[in-house]
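Derivation of every value follows stated rules applied to the coordinates shown; laboratory data play no part. Bear in mind the structure is a predicted one, so any value in this text is a computation, not a measurement. With ideal geometry, Cβ positions are generated from the backbone for all residues, glycine too; neighbour counts draw on all protein chains shown.
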Amino acid sequence: MADSTLKEFIENIPKAELHLHIEGTFEPELMIKIAERNNKKIKYSSVEELKRAYSFKNLQEFLDIYYEGANVLITEEDFYDLTWAYLTKIHQQNVLHVEIFFDPQTHTDRGVSFSTVINGIYKALEDGRQRLNISYKLIMSFLRHLDEASAFKTLEEALPYKEWIDGVGLDSSEVGNPPSKFERVFAKSREKGFKVVAHAGEEGPPEYIWEALDLLKVERIDHGNRAIEDHLLMKRLAESQMPLTLCPLSNLELKVVKDLKEHPIVKMMDKNLLVTVNSDDPAYFGGYMNENYLGIAKALNLTKIQITELVKNSFKASWLSDSEKEEKIDLVNHYFQND
Ligand code: HPA
Ligand code: ZN
């Protein structure tokens, strides 16, 4: 069979996404539509103006715009439409499984109830499972710039929906808000049966990754780029096969790397770390899964074998059952062999 081009190969290979903020999938067109529907004013009045505003020097500049965009989400239908738009998009990109973050405090702090948020997201995820055959896990993320009491309150609010929520995470402004700030909230979350992950080492130092591992006892590190600066940490991550959910286009747009050619993903693969490719906030960073794979593949001259390895990692690092993982990895192997 003729070898497909790299782009076709990436587009068609079955894959999983493990680091995705649903609020970060809010495309300007849908934002304007929902703002109008809810009689909400937004700072930027056209798609072009919104897109022009998406130029960030660092994580905080992005977060300021991201939280502002989320302000127009009010009703269950809004959260449904947001989630459904993402699912239909990634369905076209051959994403078979997603693990999605949502940030309840972004909404409950402005008077939108926890139930409104989760009902909308959950209904869309269930429709995606049934109509698009996309399996999913849902992760509730605490905002680390807020205090411990607010996180505890959010955990309480989540308990009636425990069956729908697979894990908890930690996101927002990293520097100055170390994982240790949430040690007790994560202990309680684990006690309640949630799996735990945390953003660490995106802008924050390697010490924050150590804290996420040792104090929060995470099962996966979101980002983790700065592990590359710490030899012992790299060894620990490799030996434990602790997954890292890397986000190449996010790193480029938030100036975590100056150029995709400097991205640590290949160095990490060479050191036997379990790394994965993800989109983080695709509406803001210029690409969904396939664009992330293609960006990194071109910049770092990845081979089809390396891309296949990354895709297999995405299933290995997921929260699917062992038999589901095996089934998906068989599909990937089959795809690779028939290319
Ligand atoms: N880092 C921290 N918080 C976030 C991010 C991110 O990349 N995206 C959405 N919230
Ligand atoms: Zn993220």
May I ask you to derive the FRET efficiency for E163 and D330 from their Cβ-Cβ distance with R0 = 41 Å, giving the value to the nearest 0.05? 0.90
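Among the trypsin sites (Lys or Arg not before Pro) in region 252-339, which ones are in a DSSP loop with at most 10 other Cβ atoms within 10 Å of the Cβ? Mind listing them?
Working: sites: K255, K258, K261, K267, K271, K298, K304, K312, K316, K325, K328; in loops: K255, K258, K271.
Passing sites in region 252-339 are K258.
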In range of the label at I305: residues from region 234-275 whose backbone nitrogen is under 19 Å from the point 7 Å along Cα→Cβ: 265-275
With just the Cα atoms defining each centre, how far is region 44-96 from region 168-241? Give it in Å. 26
Which semi-axis lengths, in whole Å and largest first, follow from the square roots of five times the eigenvalues of the Cα gyration tensor of region 120-243? 26, 18, 12
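Beyond 36 Å, what share of the Cα-Cα pairs of the chain remains, rounded to the nearest whole percent? Write down the numbers at each step before the final one.
Working: 7888 of 57291 pairs.
That tail contains 14 percent of the Cα-Cα pairs.
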Taking a spot 7 Å from the Cα of E48 along the direction of its beta carbon, which residues of region 286-307 have an amide N less than 20 Å from it? 286
Set the Förster radius R0 to 30 Å, insert the Cβ-Cβ distance between E219 and E29 as r into 1/(1 + (r/R0)^6), and round the FRET efficiency to 0.05. 0.25
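On a 30 Å Cα-Cα criterion, which of the cross-link pairs K123/K181; K123/K312; K40/K162; K217/K316 come out too long? It would help to have the intermediate numbers written out before the result.
Numbers: K123/K181 33 Å; K123/K312 28 Å; K40/K162 32 Å; K217/K316 19 Å.
The pairs that break the limit, which is 30 Å between Cα atoms, are K123/K181; K40/K162.
For region 63-195, what class follows from the C-alpha gyration tensor (a ≥ b ≥ c being the square roots of its eigenvalues): rounded when a/c is under 1.5, otherwise prolate if a/b is larger than b/c, else oblate?
prolate
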Label-point separation, T88 to N39 (7 Å along Cα→Cβ), nm: 2.8
Expected output is a single nm value to one decimal: the length gained when fully extending between E229 and E8, i.e. 0.36 nm times separation in residues minus the C-alpha distance. What is it? 76.1 nm
Mind telling me which of T25, T154, T88 comes out most flexible in a GNM of the chain, alpha-carbon contacts under 10 Å? T88
Convert each backbone phi in region 260-272 into a coupling constant with the Karplus relation 6.51 cos²θ - 1.76 cosθ + 1.60 (shift: θ = phi - 60°), then list the ³J(HN,Hα) values in order as whole Hz, x for Gly and Pro. 4, 4, 9, 5, x, 4, 6, 4, 5, 4, 5, 8, 6
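Let me have the 222 nm mean residue ellipticity of the chain computed from DSSP H runs of 4+ only, each contributing -39500 (n - 2.57), with the sum over all residues rounded to the nearest 500. Don't skip to the end; give the middle numbers.
Working: 17 runs with 166 residues, N = 339.
Dividing the helical sum by the residues of the chain leaves -14500 deg cm²/dmol.
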Specify which residue in the list G287, I32, P179 is farthest towards the positive end of the charge dipole of the chain, using unit charges on the beta carbon of Lys, Arg (+1) and Asp, Glu (-1), about the Cα centre. P179
State to the nearest 20 debye the size of the charge dipole of the chain about its Cα centre, where the only charges are +1 on K and R beta carbons and -1 on D and E beta carbons. 180
What's the FRET efficiency of D127 with Q337 using the Cβ-Cβ distance as r and R₀ = 45 Å, to the nearest 0.05? 0.85
What distance in nm separates the two pseudo spin-label positions at D270 and D64, each 7 Å out from Cα along the beta-carbon direction? 3.8
